[in-house]
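Enquirer: Please read through the structure below; I'll follow up with questions.
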Amino acid sequence: MKKYLIYSLLLLSALAASSCRDEDAIRMPQLQEAVNLRVIVDPEKSFLNFENLGTTSYEFDVYSINRNLQQVEFYATYISLAGDTLEPKVVKSIGQSDFVNGKARVVITPTDVANAFGIPGGVAGLAGGDVLNFEPLTTLTDGRTFSAANAAPSITGGNNASFTAAFTTFIGCPSDLPIVRTYTSRATGTTTDPAVSPATVTDLAKEVKITRTGPVSYTISDISGGLYDTWYGELYNVPANLPANITDICGTVGIPTFDDPFEEPVVSTYSRNEATGVITITWVNFYGDTATVVLTPK
């Protein structure tokens, strides 16, 4: 019986000892709050109107759940239509006091842009086709900073991104090209791929559409006129259509260079017969494939 009593006392002592803990020794470190900053551009104020520089503005809303924002500086890189690039400058900045219920409105005018970059002639020195690439730099009250340079893809990418790392606007003119419609395309082209036979396709017919996608942008449903599908659809399982953008920058209409399904650039030219509405597009890709696609309104 004494043995059992001693054993019971030892067991109770062990349990009592194990129940004691040093709170300081196991305290979890306090996690630091990161930045939450999302930019949503107003679709009605998505660019600076070159035809009305006196009153136009570029506007966007900034959303954040943070309560420790020291300041948010909106840096921009200025790229002129001629291709000259000006070093990043702060065009606008806001602080915690600018947020109401987690939202702040930012308005950028042509004067803001001209002053930030020291444009010769001020606002008069701005030109249609100039581009502004923005990157916000956020500083928290504890001194930590967040930008595109140190924000992880996990918080900057996807539909649920919690930090907008970059966004773009431009100086342009509202476009109203009479090209939004359905066309019959006739495509003639030659591929350099030895696995494709015949290499040359002539007068390939297809229906394509041009739709409006923005104030100065349009999309053609298949710039290849069916050639990519004919050459590479079954061979490499590429999509049936090769869409591309058409832009109208204050009367200068063109097709920006874009990547094909092989992630290689395609360079194009664009012309339109104003009398007939017929559009002629030529293009060459990275591999040297060439084509001419003629779009006739239906």
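Enquirer: Given N residues in segment 156-250, what is its alpha carbon radius of gyration divided by 2.2 N^0.38 Å?
Expert: Values: Rg = 17.6 Å, N = 95, 2.2 N^0.38 = 12.4 Å.
Relative to the 2.2 N^0.38 Å estimate, segment 156-250 comes out at 1.42.
Enquirer: Below 8 Å between Cα atoms, with a sequence gap of 6+, how large is the relative contact order for segment 181-297 in percent?
Expert: On the way: 257 pairs, mean separation 29.8, N = 117.
Computed over segment 181-297, the figure is 26 percent.
Enquirer: Among 100, 294, which comes first, second and so on when ranked by fewest other beta-carbon atoms within 10 Å? Don't jump to the answer; show the numbers that get you there.
Expert: Details: 100 8, 294 17.
By the 10 Å Cβ count, ascending: 100, 294.
Enquirer: Give a quick list of trypsin sites (Lys or Arg not before Pro) in segment 48-152 that DSSP marks as loop, anything other than H, G, I, E or B, with at most 13 other Cβ atoms within 10 Å. Spell out each step's value before the answer.
Expert: Numbers: sites: 67, 89, 92, 103, 105, 144; in loops: 67, 144.
Counting only loop positions with at most 13 other Cβ atoms within 10 Å, the trypsin sites (Lys or Arg not before Pro) in segment 48-152 are 67.
Enquirer: If the chain between residue 197 and residue 70 were fully stretched, how many nm would it gain, using 0.36 nm times the residue separation less the Cα-Cα distance?
Expert: Computed gain between residue 197 and residue 70 is 39.4 nm.
Enquirer: A further question follows. Given the chain, what percent of its DSSP beta bridges are antiparallel, to the nearest 5? Mind dumping the intermediate values first?
Expert: Details: 76 of 79 bridges.
Counting only bridges with both partners in the chain, antiparallel ones make up about 95 percent.
Enquirer: With angles folded into 0 to 90 degrees, how steeply does helix 2-19 sit against the dominant principal axis of the chain? Use alpha carbons for both and round to 10.
Expert: 40 degrees
Enquirer: Here is a further query. Cβ neighbours within 10 Å, averaged per peptide: list 199-211, 46-58 in order, most packed at the top. Could you put the intermediate results ahead of the total?
Expert: Numbers: 199-211: 14.9, 46-58: 16.6.
Going by the mean number of other Cβ atoms within 10 Å, highest first, we get 46-58, 199-211.
Enquirer: Further, regarding this structure: Hey, what number do you get for the chain at 222 nm if only DSSP H runs of n ≥ 4 count, each worth -39500 (n - 2.57), divided across all residues, to the nearest 500? Working shown, then result.
Expert: On the way: 4 runs with 34 residues, N = 298.
-3000 deg cm²/dmol, from helical runs alone.
Enquirer: Then there's this: Among the aspartates and glutamates, which have Cα under 12 Å from the Cα of residue 103 when same-chain residues fewer than 8 positions away are ignored?
Expert: Of all the aspartates and glutamates, those that pass the test against residue 103 - Cα under 12 Å, at least 8 places apart if same chain - are 61.
Enquirer: Give, rounded to the nearest 20 debye, the magnitude of the charge dipole that segment 23-145 has about its Cα centre when Lys and Arg contribute +1 at Cβ and Asp and Glu contribute -1 at Cβ.
Expert: On the way: 9 positive and 16 negative charges, 34 e Å.
Roughly 160 debye for segment 23-145.
Enquirer: Using just the C-alpha positions of segment 201-245 as equal point scatterers, what log10 of I(q)/I(0) does the Debye formula give at each q in 0.14, 0.15 1/Å?
Expert: -0.37, -0.41
Enquirer: Oh, and also: Here are some values of semi-axes √(5λ) of the Cα gyration tensor in Å: [x] 33, 27, 17; [y] 55, 33, 15; [z] 44, 26, 14. Which one was computed from this structure?
Expert: [y]
Values in this text are rule-based calculations from the coordinates and carry no lab data. What you are looking at is a predicted structure, and each value in this text was computed from that prediction instead of being measured. Every residue, glycine among them, receives a Cβ derived from its backbone with ideal geometry; neighbour counts consider all protein chains shown.
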